[in-house]
Amino acid sequence: FIQAAKQLEGSTVTLYKMGQEGVPTVDEYIENTLEEGQTLGFDGRVVNSAWGKKLEDIVAKKHGQMAVEEDLIDIIWTDRPELSKEPVRILEFKYTGKETVDKLADVRKVMEEKGADVHLLTSLYDIAWMLNVRGNDIHCVPVVLSYLALTKEECIWFVQEEVVTEEVAAYLKENNIMAKPYNSFYEYVKTISGDATVLMNQSVVNYRICNSLPETVKVVDELDPTVFMKSKKNEVELDNTRRAHIKDAVAMCKFMYWLKTSYQSETITELSASDKLEALRAEQEHFLWPSFEPISAFGPHAAMCHYSSSEETDVILREGSLYLSDTGGNYLEGSTDITRTIALGEISHEMKVHFTNVLRGN
């Protein structure tokens, strides 16, 4: 809220502090604001189906209608960047501990138990896990922009054609996976048989996809089977997780030593400190990129929830206060996330008391 208030100052945007007394939820705001017979518009691809159905009910009360087929921003955003098309990396068995064909078989077994003919999967994390692929289409997240449809006979991966190299095509063929153009998923959904049973998580699958299904389709609305499967780590995954954390710890120990021995003799800022830590991680084998945007915060900034340093807010790290580092790394073996609060020189008694209370509370 503190950061939002600063960034919205002087704009025409009103800040609603969610969760505070007297502040409406988004649903309540829409219900209070939408007038009789009006139209509620949103891009149906960025609202999940479960929420979309709640909005349907609100609109019905007002005898209005919904417009969800268009992205109005896209119409006026003339220089909008294209979707990311980063290379696809096939993750080897030595990192996954389970072959793709076995994962597909496990999911199909659950489909059979649920009586499902088709499973629609839109969670990028789960698609990456099930197909043993990784990418770089979302900043800091090793996923590939795609959708997936699984039946008893077919596995169709809707992915941007440019990323399907000869190597990827051979891998897909070997695992009996068919690649189709990314955006054709919406047309595919319309062709699903009206008497089919579809397994999907409506809290994840977007509203437009669900609206594109034939009306007579039976929907089994449950967690994607992969959610539980990927949470149970096999021995290969456990070993790799440990390796990733050991490598990350080496970088972190070097960083803490550098910071404590250098902050008085050279100028270190929030940004230069996080850059140094990333450089130390990059020295470790199989490092890819940070696992999230680093939180590198000194003094009052460290008290803000999820502060992100910038050229406008960057400050020098000085003696007598606390520095917070909340960062992580993506390695082929796995991802890390480590937070450390570092005292630079002698700090006040009050800081020690609060730090100790938080430590004891944890």
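Here, each number is a calculation from the coordinates, and none is a lab measurement. Note that the structure is a prediction, hence the values are computed from the model and not measured. Neighbour counts are summed over all protein chains in view; Cβ atoms, including those assigned to glycine, are modelled from backbone coordinates with ideal geometry.
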Selection of trypsin sites (Lys or Arg not before Pro), the range 174-239, meeting DSSP coil and at most 12 other Cβ within 10 Å: K232
Using just the Cα positions, wrap the range 90-169 in a convex hull and report its mean projected area in square nanometres, one decimal place. 5.6 nm²
Given the -39500 (n - 2.57) contribution per DSSP H run of 4+ residues, what per-residue ellipticity at 222 nm results for the chain, rounded to the nearest 500 deg cm²/dmol? -11500 deg cm²/dmol
Here, T261 and A282, labelled 7 Å along Cα→Cβ, have an inter-label distance in nm of 2.2 nm
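Can you list which of the chymotrypsin sites (Phe, Trp or Tyr not before Pro) found in the range 61-114 are DSSP loop residues with at most 15 other C-beta atoms within 10 Å? Could you put the intermediate results ahead of the total?
Details: sites: W77, F93, Y95; in loops: W77.
Here the sparse-neighbourhood loop sites are W77.
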With a 28 Å threshold on alpha-carbon distance, the violating pairs from K233/K276; K109/K190; K98/K247; K53/K218 are K233/K276
When the charge dipole of the range 223-305 is computed with +1 on Lys and Arg Cβ and -1 on Asp and Glu Cβ about the Cα centre, the Cα farthest towards its positive end, among A244, P300, N234, belongs to N234
Residue separation between K254 and N234 times 0.36 nm, minus their alpha-carbon distance, gives in nm 4.1 nm
Can you compute the equivalent ellipsoid semi-axes for the chain, i.e. the square root of 5 times each eigenvalue of the Cα gyration tensor, sorted largest first and rounded to whole Å? 41, 31, 19
In Å³ and rounded to a whole number, note down the convex hull volume per residue for the Cα atoms of the range 273-334. 90 Å³
What is the spin-label model distance, in nm, from E99 to W77 if the labels are put 7 Å beyond Cα along the C-beta direction? 4.2 nm
Just the projected area, averaged over all directions, of the convex hull on the alpha carbon atoms of the range 150-309: how many nm²? 14.5 nm²
Which of the listed residues, T165, L148, I138, is farthest toward the dipole's positive end in the range 136-192, when Lys, Arg count +1 and Asp, Glu count -1 at the beta-carbon? L148
The size of the Cβ-based charge dipole (Lys, Arg +1; Asp, Glu -1) of the chain about the Cα centre, to the nearest 20 debye, is 1080 debye
Ratio of the range 1-99's C-alpha Rg to 2.2 N^0.38 Å, to two decimals? 1.59
Kirkwood Rh over Cα pairs of the range 134-191 into Stokes-Einstein at 4 °C, 1.567 mPa s: D in µm²/s? 107 µm²/s
Restricting to DSSP loop positions (anything but H, G, I, E, B) with no more than 13 other Cβ atoms inside 10 Å of their own Cβ, which trypsin sites (Lys or Arg not before Pro) remain in the range 14-73? K17
What spacing in nm lies between the two simple spin-label points modelled at R45 and D106, each 7 Å away from Cα in the Cβ direction? 3.1 nm
